[in-house]
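A short write-up of the structure that comes next.
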Amino acid sequence: MIQDLSRNSSHGDHLLHWLKEKYGNVPINFGNNIAVEMPMVRLIVGMKPETIEDLETAMEWVQFNITHLLSSTHIGQESSYLDYEAKSFLAGLCDAVGMEISDAVQIAAYGFPVGEPDVPNVELGMGTMDTENKATILMVGHNVAPGIELVDYMREAGLEDKVDVGAICCTAIDLTRYYEGAKIVGSLSRQMFYIRSGLADVVMVDEQCVHLRCYDEAKKVNAPFIATNDKRMCGLPDRTDDPEEEIIDDLVSGKVDGVLILDPVKAGKVAVETAVRVKPIRKGKSAVPDKEGCMEMALNCNGCGNCQRNCPNDLPLVDGVNAAKQGDFSILEEVFDNCLDCGRCEEDCMKGVSPLTLIMFAGKEKIRNETFNVRVGRGPIRDTEIRNVGAPIVLGEIPGIVAIIGCANYAKEIQELYLMAEEFCSRNYIVCVSGCAAMDIGLVKNEEGETLYDRFPGDFDRGGLVNVGSCVSNPHINGAAVKVANIFARRPLRGNYEEIADYVLNRVGACGVAWGAMSQKAASIASSCNGMGIPAICGPHSTEYRRMYIGRADDEETWKVYNARDGTSDHLVGPGPEHLLTTAETIEEAICLTAKMCIRPADNSKGRMIKISHWMDLERKYKGVNIPEDLEKFIRVEADIPINLKDEIMEYLESVGWEEKEIVDPTLFEKFCHS
């Protein structure tokens, strides 16, 4: 987690100083609809930033804590498991501050959308770039600064009709927040597919989530490679101070196949001019053989199975390669959407066979024709929206906020996220998305040819599908929960962490889902939710993190609270939420668990009835479970029972000896009681 905390904060620090140098001390102004801007910085650091220079103080707080947190992991330091876990919460909160700073400076300096729910949809998919008629530039990473400069130069030089710009990972989302002509090629699991297929004339990378073999892949297809960040230099010569024309000539002629340029303005110009000049030379060269070449490659396979053993998703690669020997690529085509594009299958092959390349050939039509859409990242949630939904969320009448975030490290097909998002949007939950998850949700169309972004609005309201932006936009989701406490419940915000987190835990039905969590980034973002009292569910590959915050539903002593109305203690409220951080094995299990984890102690009976109705319906739909075995823990009084299920639930409750419980105003702290 500390690794990712440092990664996000260094990203924010780089943007902060670059944008201050370029634009000056820009004010932090999110417009008339947002008076409570940057709620996480206000809550955790205890300051209200007015300009981007003020954010330097907040960033210093983050960097101070990084040093001390890193020190605490050294041998001979922290001995208490509880204090150690508290430090992991602190790391998550620091990450929230670092990410919020990153997005705030982008919004302030670049004029990104500021909470507009009706932002446009933009093109999504590997088939969106005009490879036939335009030179194409692929950007990969998270730091959008070089991409912005590239677009500015392209506009100034009048080259928009000659160059198509697309990106992978969070740079893609942030670039579309600035330039409507940018294309989102896809999530991080599309890098090898796109570059090896030869669809990019120039590859430009910045930082984070860049495949280690991007540079090698670009060389295979004669695509000049430009690194732009000191955290990923790829062993390339530093040409930052060289004349632009000299760099361009060297790249176009093939004298060098890659360069490092640490000046975003220069990198942008070099990328555009190089792409225009190199396109007629490289002629879309691909590293994927034709059918005969793929069959010849497959014939080298001796069936050892190394490829399948290395595959994180255990895809049927041995059978697929054997079928390819006879010219049958159907098995490999079927697994295309289940492939993580990691390349592990080809690394240990003793015979030089690349199952990944064969999958690319089998899915070549999907690659070239993959065209969908995604809503542009809107940024923060408006104060006016919080006023509209605050009461229904706290009372439970809006059944929950479901935040689908994280990487593309899925255990099955990429379209699983669509199923989850559609289910909860249709049930009037508020669904928030960001990063790679926001992209992958858009990769499915219904029978009418509509994606979820066509079908559901972008408002932060029941049934809304809210794309807040890239990974650094995630604090807008946490921030929405914080603003419910501040704007709706009138809890003081600045530096008031204990009270706000207690309020969110007990009253705001929110749950994060990092279904494809891959990097430390996803773990740290999950921890930033946990520290605010918001539970998170990760996918099956996330067990590699080897840490969970699992509740003991059977231990009633751990579910007792104070009643804030009269100060009395030991009130049993039940396990809501049951866990703070857990995993699910299947998307069906995750959907059911998400509905359950939105239950809160402060739900009124109408809200609890709505939440239980959804939870039970999902259990029956996806798991075939008629009545959850722990249902009695979540029903306090008869009025909590869904009317249409009352008879069968009452029969079950009587069989387990259920007794009514008092509905209280819950808090974990005696000092927050009114008496």
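The values are calculated or read from the model by the stated rules, or taken from the named source; none is laboratory data. Computed from a prediction, not measured in an experiment: that's the story for all the values here. Because the Cβ atoms are built from the backbone with ideal geometry, glycine has one as well, and the counts that use them run over all protein chains shown. The area values use the complete protein model at the heavy-atom level, side chains included, leaving out ligands, DNA and RNA. Shrake-Rupley method; radii C 1.70, N 1.55, O 1.52, S 1.80 Å.
Restricting attention to region 587-614, and to residues there that are without any contact (Cβ under 8 Å) to a residue 60 or more places away in the chain and open to solvent by 10 Å² or more (accessible area, probe 1.4 Å), which single residue is farthest from VAL431 (Cα to Cα)? Steps first, answer last, please.
The initial filter retains those residues of region 587-614 that are without any contact (Cβ under 8 Å) to a residue 60 or more places away in the chain, namely 588-589, 592-593, 596, 605, 609, 612-613.
Filter once more, so that each one left must be open to solvent by 10 Å² or more (accessible area, probe 1.4 Å): 588-589, 593, 596, 605, 609, 613.
Working: GLU588: 17, GLU589: 18, LEU593: 15, LYS596: 15, SER605: 23, MET609: 20, SER613: 18 Å.
Taking the candidates together, the pick is SER605.
Do you know which residues across region 112-132 are closer than 28 Å to GLN191 by Cα and of a type in the set (Gly, Ala, Ser)?
Selection gives GLY125, GLY127.
So that you can scan it fast, the table gives a plain yes or no per residue for (1) among the β-branched types (Val, Ile, Thr); (2) at pLDDT 95 or above; (3) within 18 Å of ASN506 (Cβ to Cβ):
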residue: HIS571; (1), (2), (3): no, yes, yes
residue: PRO577; (1), (2), (3): no, yes, yes
residue: THR586; (1), (2), (3): yes, yes, no
residue: ILE591; (1), (2), (3): yes, yes, no
residue: LYS606; (1), (2), (3): no, yes, yes
residue: SER613; (1), (2), (3): no, yes, no
residue: GLU648; (1), (2), (3): no, yes, no
residue: LYS671; (1), (2), (3): no, yes, yes
residue: HIS674; (1), (2), (3): no, no, yes
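Pairs are defined by a Cβ separation below 8 Å, a sequence spacing of at least 6 or placement on different chains, a first member in region 62-76 that is closer than 18 Å to ILE101 by Cβ, and a second member that is among the hydroxyl-bearing types (Ser, Thr, Tyr) and open to solvent by less than 100 Å² (accessible area, probe 1.4 Å); the pairs so defined are VAL62/SER9; GLN63/SER9; ILE66/SER6; ILE66/SER9. Within region 270-289, the only residue that satisfies the criterion of being more than 19 Å from LEU159 (Cβ to Cβ) and free of Cβ contacts under 8 Å to residues at least 40 places away in the same chain is LYS283.
Filter region 307-337 down to the residues that are outside any loop (DSSP other than H, G, I, E, B), open to solvent by less than 40 Å² (accessible area, probe 1.4 Å) and not acidic (Asp, Glu) and list them by number. Full working, then the answer.
Quick first cut of region 307-337, residues outside any loop (DSSP other than H, G, I, E, B) only: 307-310, 317-324, 330-334, 336-337.
Among the residues that remain, those that are also open to solvent by less than 40 Å² (accessible area, probe 1.4 Å) are: 307, 310, 317-318, 320-321, 323-324, 332, 336-337.
Answer for region 307-337, where residues must be outside any loop (DSSP other than H, G, I, E, B), open to solvent by less than 40 Å² (accessible area, probe 1.4 Å) and not acidic (Asp, Glu): CYS307, ASN310, LEU317, VAL318, GLY320, VAL321, ALA323, ALA324, LEU332, PHE336.
Of all residues in region 515-558, those satisfying the criterion of being without any contact (Cβ under 8 Å) to a residue 24 or more places away in the chain and either surrounded by 22 or more Cβ atoms within 10 Å (Cβ to Cβ) or among the acidic types (Asp, Glu) (or both) are GLU544, ASP554, ASP555, GLU556, GLU557.
Take the residues in region 633-675 that are in a helix (DSSP H, G or I) and polar (S, T, N, Q), then tell me which one is farthest from ARG608 (Cα to Cα). Looking at residues that are in a helix (DSSP H, G or I) and polar (S, T, N, Q), I get SER655.
Out of GLU365, GLU385, report the one residue that is part of a helix (DSSP H, G or I) and crowded, with 20+ Cβ neighbours inside 10 Å.
Values: GLU365 fails: crowded, with 20+ Cβ neighbours inside 10 Å.
One residue alone meets the criteria, GLU385.
In region 245-278, what residues are charged (D, E, K, R) and either surrounded by 17 or more Cβ atoms within 10 Å (Cβ to Cβ) or not in a helix (DSSP H, G or I) (or both)? Answer for region 245-278, where residues must be charged (D, E, K, R) and either surrounded by 17 or more Cβ atoms within 10 Å (Cβ to Cβ) or not in a helix (DSSP H, G or I) (or both): ASP250, LYS255, ASP257, ASP263, LYS266, LYS269, GLU273, ARG277.
Scan region 474-493 for residues that are in contact (Cβ under 8 Å) with a residue 24 or more places away in the chain and in a loop (DSSP other than H, G, I, E, B) and the total you get is 3.
Of all residues in region 415-426, at least one satisfies being among the aliphatic types (A, V, I, L, M), out of contact with any strand residue (DSSP E or B) (no Cβ under 8 Å at 6 or more places or on another chain) and open to solvent by 30 Å² or more (accessible area, probe 1.4 Å).
Answer yes or no as to whether PHE669 is of a type in the set (Phe, Trp, Tyr) and open to solvent by 50 Å² or more (accessible area, probe 1.4 Å).
Answer is yes for this residue.
Per-residue answers, yes or no, for (1) in a loop (DSSP other than H, G, I, E, B); (2) over 12 Å from the mean Cα position of the chain (by Cα):
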position: GLY495; (1), (2): yes, yes
position: GLU498; (1), (2): no, yes
position: ASP502; (1), (2): no, yes
position: GLY512; (1), (2): no, no
position: ALA517; (1), (2): yes, no
position: ALA523; (1), (2): no, no
position: ALA526; (1), (2): no, no
position: MET532; (1), (2): yes, yes
position: HIS541; (1), (2): no, yes
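The residues of region 562-586 that are under 18 Å from HIS541 (Cβ atoms) and open to solvent by less than 10 Å² (accessible area, probe 1.4 Å) amount to a single one, ALA584.
Applying the selection to region 444-465, what residues are surrounded by 24 or more Cβ atoms within 10 Å (Cβ to Cβ) and either touching a His at 6+ places or on another chain (Cβ under 9 Å) or part of a loop (DSSP other than H, G, I, E, B) (or both)? Within region 444-465, just PHE460 meets the criteria.
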